[in-house]
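See below for the structure under consideration.
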């Protein structure tokens, strides 16, 4: 990995880590559905002109059906779920749950694509999901929830979101082989925006969001989603999926950093222990730990 690639990987992790901060700042005033709708609409406004300039609209028309599915499973559903979770649990805790997405990818590949995991991957799955259970118990018992009674549902929403992320690689491997990454990124955001438009309008806030909430929504849409997608797919093409997945390990660190600096959130020992278990399990599952040198 070149110094430029490493710098872009850090920038991507910083952007995606900041998304949890932005959701904490915006979800309370917008509501989860409207905030998710603003997020994907803004990202589509950034990405669609780029796709048109590169002549990708024809490819989008040819593959629109599976791209709509990706928009639903990989954007609309997770963004609403994490917006809902942001009402009840800290940004740092939500970002740690987000790190389980590669674990779900392995489970989906096993069940759907017949890719039987090795013993090392099975051990990683057990370790990672053990960390999830520990964090969930911590959220329920130690008051990690920010709203009374809301932490259990918020944890469930985070895991539903990461399960959606886990479905996407297997689905795209079957239905979108050879389709340009920018086509998938732009089209999926447009599809998610179309799906969320009416539900978001029905649940729009009774009071206009503050300038700070709008700023958070704008950063979430254009930087943490639109620009981050461009960075991710460029890295994916240059350094490969195994190296690109390393961003998963960096996102919680940046999320905790931003939330600590700007929201005063703290990291408890239970969060640290659960986070280490999840990240170690993910590293085993994805092959980043225990890989033999070549």
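The values are calculated or read from the model by the stated rules, or taken from the named source; none is laboratory data. As the structure is a computational prediction, the values presented were derived from the model and not from experiment. In this analysis, Cβ positions are derived from the backbone assuming ideal geometry, glycine residues included, and neighbour counts consider all displayed protein chains.
List of remarks:
- Answer residue from segment 173-194, given it is surrounded by fewer than 19 Cβ atoms within 10 Å (Cβ to Cβ) and in a helix (DSSP H, G or I) and is modelled with the highest pLDDT among those: 194
- Being over 15 Å from residue 19 (Cα atoms), free of Cβ contacts under 8 Å to residues at least 60 places away in the same chain and more than 19 Å from the chain's Cα centre (by Cα) is a condition met by no residue of segment 219-236.
- Residue in segment 5-20 that is outside any helix (DSSP H, G or I), over 16 Å from the mean Cα position of the chain (by Cα) and more than 27 Å from residue 154 (Cβ to Cβ) present: no
- Extreme residue, modelled with the lowest pLDDT, among residues of segment 232-242 that are surrounded by fewer than 19 Cβ atoms within 10 Å (Cβ to Cβ) and touching a helix residue (DSSP H, G or I) at 6+ places or on another chain (Cβ under 8 Å): 242
- Within segment 59-81, tally of residues that are touching a helix residue (DSSP H, G or I) at 6+ places or on another chain (Cβ under 8 Å) and more than 15 Å from residue 200 (Cβ to Cβ): 12
- Residues located in segment 39-55, provided they are buried (at least 23 other Cβ atoms within 10 Å of the Cβ) and under 17 Å from the mean Cα position of the chain (by Cα): 39, 40, 43, 44
- Restricting segment 99-117 to residues that are assigned to a loop (DSSP other than H, G, I, E, B) and modelled with pLDDT of 75 or more, the residue that is surrounded by the fewest Cβ atoms within 10 Å (Cβ to Cβ): 99
- Residue 120 falls short of the stated requirement of being surrounded by fewer than 22 Cβ atoms within 10 Å (Cβ to Cβ), on the phi < 0 side of the Ramachandran plot and not in a helix (DSSP H, G or I).
- Of 157, 227, 217, 197, all but one fail to be under 19 Å from residue 43 (Cβ atoms) and surrounded by 20 or more Cβ atoms within 10 Å (Cβ to Cβ); the exception is 217.
- Filtered residues of segment 77-98 (kept if more than 14 Å from residue 31 (Cα to Cα) and either part of a helix (DSSP H, G or I) or in contact with a strand residue (DSSP E or B) (Cβ under 8 Å, 6 or more places away or on another chain) (or both)): 77, 78, 89, 91, 92, 93, 94, 95, 96, 97, 98
- Just one of the listed residues (209, 199, 205) is over 20 Å from the mean Cα position of the chain (by Cα), assigned to a helix (DSSP H, G or I), touching a residue at least 12 places away in the same chain (Cβ under 8 Å) and more than 26 Å from residue 12 (Cα to Cα), namely 199.
- Residue check for residue 10: within 14 Å of residue 85 (Cβ to Cβ) and surrounded by fewer than 24 Cβ atoms within 10 Å (Cβ to Cβ): no
- Among the candidates 250, 257, residue that is in contact with a helix residue (DSSP H, G or I) (Cβ under 6 Å, 6 or more places away or on another chain) and either modelled with pLDDT of 85 or more or on the phi < 0 side of the Ramachandran plot (or both): 250
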